[in-house]
Amino acid sequence: MIQVNNLTKKYNATTVLNIQELEIPKGQSFGLVGNNGAGKTTFFSLLLDLIEPTTGGIINHNVVVNTSENWKNFTGAFLDESFLIGYLTAEEYFYFIGELRGQNKADVDALLKKYEEFFNNEILNTKKYLRDLSKGNMKKVGIIATLIGNPEVVILDEPFANLDPTTVNRLKKIVKELAENPDVTVLISSHDLLHTVEVCNRIVALNKGEVVKDINTSEETLKELEAFFAV
Amino acid sequence: MIKHFLTLEWKSFVRSASFKTNLAFKIFMALISLYFAAMFVFMGIGAFYGLKKVGLEPLQTVNKFMIYYLFADMMMRYFFQKIPTLTIRPLLVLPIKKNTIVHFSLGKTVLNYFNTTHAFFFIPFSIILLINGYSVLGVITWHLGILTVILFINFLNILINNKDVIFGIVAAIIVGLIASQYYNLFDITIYTQPFFQGLYEHAWMVLLPISTLIIIYYFTFNFFKKDLTLDERLHIKKNLATSNDLTWLNQFGTLGTFLKNDIKLLMRNKRAKTTLYMSFFFLFYGLIFFTQDIYKGGVMQAFAAVFVTGGFLINFGQFVPSWDSSYYQLMMTQSISYKEYLNSKWWLMVIGTAISMFLASFYIYFGWEVYITILATGIYNIGFNSFLVLLTGAYTRTAIDLESAKGAFGDKKAFNFKTLLFSLPQMIIPILLFGVGLLADNFYIGISLIACFGILGLLFKSRIFLIIENIFQKEKYNAIVAYKQKN
């Protein structure tokens with residue numbers, strides 16, 4: 001379970017995030033939607049202790065994120081390309097992450113085998129360094145790397161952006177599978193309302209750093225969200 | 001059109017990240033530049049009178065060694081001059097003629113630092129020649145000729161850029177020429193000196209370099225224009241991955257994991273590779289000091305020895321953890337212990353220093369005392385300087401662009417009070433310890449003290465690591481923000 005208490009982030013006088021209370025139960029697939037600058041990435045960065053909260057904090061499975069580092073053992077995340085090591089090949093990168101998470105080569109190979117279809121023969125055995133891959137392929141590598149070591153919390157920032165239509169559908173399948181596992185909490189942010197509604201069972205909309213909608217997904221959710229973001 | 005280009009250039013210059021440093025540093029940099037400019041001017045003037053004093057004809061002597069001067073220039077350019085390609089990418093889709101873009105980007109290289117520096121030497125030297133009654137026309141054609149040759153090298157470097165094979169051949173020829181000159185086997189200057197001298201004596205000869213320059217400009221122009229599409233030259237060159245699993249490192253556990261990564265970092269990135277080249281050059285730094293009797297036996301012997309064995313240590317270590325800046329966010333979300341992370345970098349530095357110590361064995365040629373100084377400072381580097389260097393690195397907040405060799409000469413943002421605080425002792429302590437030995441009139445006391453400092457440092461290794469870990473922890477958020485700002 002992830003608990004957010006009185007969390008704010010300010011840059012000088014500008015408040016970019018202000019969440020009084022938010023609880024994400026274990027096993028939930030949680031979607032974060034909002035326009036540019038709504039605070040989605042800021043929230044994820046705070047959740048990963050990459051920036052310092054101005055007030056309050058986040059508790060991830062009983063670990064206070066900005067005081068202990070133990071959350072790293074059960075959390076996998078991919079925010080952007082700065083999570084990739086450009087001079088490694090995809091395999092080397094996966095093994096590197098695997099070794100850091102106590103997985104041996106066979107474990108990693110088994111996982112990669114499972115997602116072979118998602119890679120679409122564009123990732124493995126290509127002898128390409130990650131820095132030379134296209135944006136979409138970089139994303140594929142980053143997303144699968146978060147799943148190494150069976151994390152209980154998976155955080156993906158804009159996972160659908162830059163992917164081709166086929167891969168988007170494959171990714172939706174992967175996320176749905178993850179969401180079915182009651183031990184895995186999935187957090188996803190996106191601009192795309194349709195994709196998010198499809199894979200998440202709860203959706204929170206942020207606007208200028210504040211929670212403006214918090215809905216459990218149902219038939220009407222998409223309409224409700226579209227009405228909210230309509231111009 | 002040119003006006004637009006020039007404003008773009010001016011903005012990119014004024015708004016570059018390096019300009020946004022504090023005032024004190026700007027003044028410091030200005031003073032350094034002035035110092036170097038003054039040194040060159042002084043050399044230009046001094047060369048004339050100095051050579052005359054020892055009874056040599058100045059112009060002829062300068063011409064004799066000109067070929068080596070130009071060779072050195074060529075080497076420097078190969079390693080450090082950046083080829084202007086990517087900056088023109090956004091211009092391609094705008095309504096500008098391709099020819100204009102190519103002319104402009106080639107013209108831009110002419111104003112490069114590597115070309116302008118020479119002026120500080122050649123202009124004063126030429127003026128002095130004129131004052132001393134050399135033929136006006138001759139000096140002008142000579143000056144013009146040399147300038148043309150320098151520009152020729154400029155374009156040649158663009159043509160052969162990144163072709164390691166060609167560079168290897170050229171480098172081998174140059175080293176061979178120097179060696180054969182040294183051993184009186186073959187003296188290339190006999191053939192080149194008349195050419196450079198000819199530029200002065202026969203005004204028409206200046207047409208030779210000028211026409212060569214025009215030809216190479218024509219070639220470079222076509223070469224560039226042909227590749228001026230996004231999928232050719234402007235596209236970052238993609239190298240096929242060389243697979244080397246380095247599996248034998250697996251036996252070292254997490255240390256092995258990091259070491260594997262660091263070795264790949266060094267082998268696969270241009271910027272990191274420059275560190276290796278620089279370390280190799282540092283190996284020969286001692287030649288400046290040990291070949292001159294005034295330095296031999298003095299405290300500068302320790303100073304030189306620190307650099308001979310510590311080249312890699314200093315060049316690599318001062319940018320830990322900045323080497324990992326481009327994926328620092330990843331590192332910060334993995335459960336990594338800082339200790340193991342640091343340990344891997346430290347071991348790499350130790351291995352580098354040990355290799356340098358081994359390669360520096362040739363200094364035994366300069367006598368036992370020089371050699372043992374090198375060994376002692378090697379131990380000192382491993383046991384003491386390695387920690388100082390890591391402390392410097394902990395306060396260095398520079399996002400390193402692994403793909404470009406730029407910034408290898410030390411980055412401006414890396415300069416702050418704390419890094420200075422940890423950098424100076426790296427050289428001063430061994431000098432002082434060596435001085436103690438001199439005062440006690442026993443060379444071996446100084447040497448033992450230097451080695452002892454190294455051994456002492458090793459004993460406190462885990463303590464010192466703890467301090468550095470705390471700095472890393474405390475500076476975490478600042479580091480992430482700083483590493484996000486790319487130049």
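Each value in this text was obtained by applying a stated rule to the coordinates, not by laboratory testing. As the structure is a computational prediction, the values presented were derived from the model and not from experiment. Glycine also receives a Cβ, built like all others from the backbone with ideal geometry; neighbour counts cover every protein chain displayed.
Residue exposure proxy: B:118, A:195, ordered by other Cβ atoms within 10 angstrom of their Cβ from fewest to most, comes out as B:118, A:195. Label-to-label distance for residue A:161 and residue A:68 is 3.3 nm, based on points extended 7 Å past Cα in the beta-carbon direction. In chain A, the sites counted are GluC sites (Glu not before Pro) in DSSP loop states with at most 11 other Cβ atoms within 10 Å, and the longest stretch holding none of them, exclusive of the sites, is A:1-218.
Relative contact order, whole percent, for segment B:2-226 stands at 29, derived from Cα pairs under 8 Å and 6 or more residues apart. Looking at segment B:46-150, the trypsin sites (Lys or Arg not before Pro) that sit in a DSSP loop and have at most 10 other Cβ atoms within 10 Å of their own Cβ are B:97. Put +1 on the Cβ of every Lys and Arg and -1 on every Asp and Glu Cβ in segment B:248-484; which of B:306, B:431, B:258 then has its Cα farthest towards the positive end of the dipole? Checking the options against the dipole of segment B:248-484, the answer is B:258.
Looking only at segment B:381-397, which residues have a backbone nitrogen under 19 Å from a spot 7 Å from the Cα of residue B:358 in the C-beta direction? What the label zone holds, given the 19 Å backbone N cut-off, is B:381-383.
If both residues of a DSSP beta bridge must be in the protein assembly as shown, then about 55% of such bridges are antiparallel. In this rough spin-label picture, where each label sits 7 Å from Cα along the Cβ direction, the residue A:215-residue A:13 distance is 3.6 nm.
Per residue of peptide A:97-109, the mean number of Cβ atoms on other chains within 10 Å of the residue Cβ is 2. With Cα atoms defining each centre, segment A:88-116 and segment B:210-227 are spaced 49 Å apart in the structure. The mean sequence separation of alpha-carbon pairs under 8 Å and at least six residues apart, normalised by the residue count of chain A, gives a relative contact order of 29 percent.
Other protein chain C-beta atoms within 10 Å of residue C-beta, averaged over A:82-95: 6. In the protein assembly as shown, the calculated helix contribution to ellipticity at 222 nm averages -19000 deg cm²/dmol per residue, counting -39,500 (n - 2.57) for every DSSP H run with n ≥ 4.
With R₀ set to 22 Å, the beta-carbon distance separating residue B:337 from residue B:467 gives a calculated FRET efficiency near 0.90. The stretch between residue B:403 and residue B:2 holds 141.4 nm of extra length on full extension. This uses 0.36 nm per residue minus the Cα-Cα distance. For segment B:304-410, GluC sites (Glu not before Pro) are listed when DSSP marks them as loop and at most 14 other Cβ atoms sit within 10 Å of their Cβ; the list is empty. Run the Debye formula on the Cα coordinates of segment A:105-231, all scatterers equal and no solvent, and tell me log10 I(q)/I(0) at q = 0.09, 0.19 1/Å. Debye intensities relative to I(0), on a log10 scale: -0.30, -1.13.
Counting other Cβ atoms within 10 Å as a rough exposure proxy, the listed residues B:273, A:139 run B:273, A:139 from fewest neighbours to most.
If you fit an axis through the alpha-carbon atoms of helix B:58-80 and take the longest principal axis of the Cα set of chain B, what angle between them do you get, 0 to 90°, nearest 10? Taking the Cα atoms of chain B, the angle to B:58-80 is about 50 degrees.
Candidate cross-link partners of residue B:474 among the aspartates and glutamates, defined by an alpha-carbon separation under 14 Å and a same-chain spacing of 8 or more, comprise A:49, A:52, A:69. Positive end of the dipole of the protein assembly as shown, charges at C-beta (+1 Lys, Arg; -1 Asp, Glu), about the Cα centre: which of A:63, A:178, A:225 has its Cα farthest in that direction? Most positive-ward Cα: A:225. Please determine, in degrees from 0 to 90 and to the nearest 10, the orientation of helix B:417-439 with respect to the longest principal axis defined by the Cα atoms of chain B, where the helix direction is its Cα long axis. Relative to chain B, helix B:417-439 is tipped by roughly 80 degrees. With the simple model of a label 7 Å out from the Cα in the direction of the Cβ, residue A:59 to residue B:10 spans 6.0 nm. Sorting B:452, A:200 by the number of Cβ atoms found within 10 Å of their own Cβ, with the fewest placed first, yields B:452, A:200.
FRET efficiency for the pair residue B:225 and residue A:121, taken as 1/(1 + (r/R0)^6) with r the Cβ-Cβ distance and R0 = 35 Å, rounds to 0.45.
So which DSSP H runs in chain A come out at 24 Å plus along the axis (Cα) with average Kyte-Doolittle of at least 0.5? Membrane-span-like by this criterion, though nothing is claimed about a membrane: none. Please identify every one of the trypsin sites (Lys or Arg not before Pro) in segment A:160-231 that sits in a loop by DSSP and has no more than 16 other beta carbons within 10 Å of its own beta carbon. Those satisfying the criteria are A:208. When the Gaussian network model of chain A links Cα atoms closer than 10 Å, the mean-square fluctuations of A:36, A:66, A:201 top out at A:36. For chain A, modelled as a GNM whose springs connect Cα atoms under 10 angstrom apart, the maximal fluctuation among A:38, A:110, A:161 occurs at A:110.
Kindly express, to the nearest 10 degrees and within the range 0 to 90, the angle between helix B:2-14's C-alpha long axis and the longest C-alpha principal axis of chain B. Helix B:2-14 and the main axis of chain B meet at about 30 degrees.
Legend: distances between Cα atoms for A:9/A:140; B:264/B:345; A:139/B:273; A:135/B:270; A:128/A:173; pairs beyond 19 Å are A:9/A:140; A:139/B:273; A:135/B:270; A:128/A:173. Provide the FRET efficiency to the nearest 0.05 for the residue B:452-residue A:194 pair, computing r from the beta carbons and using R0 = 60 Å. Calculated transfer efficiency: 0.30.
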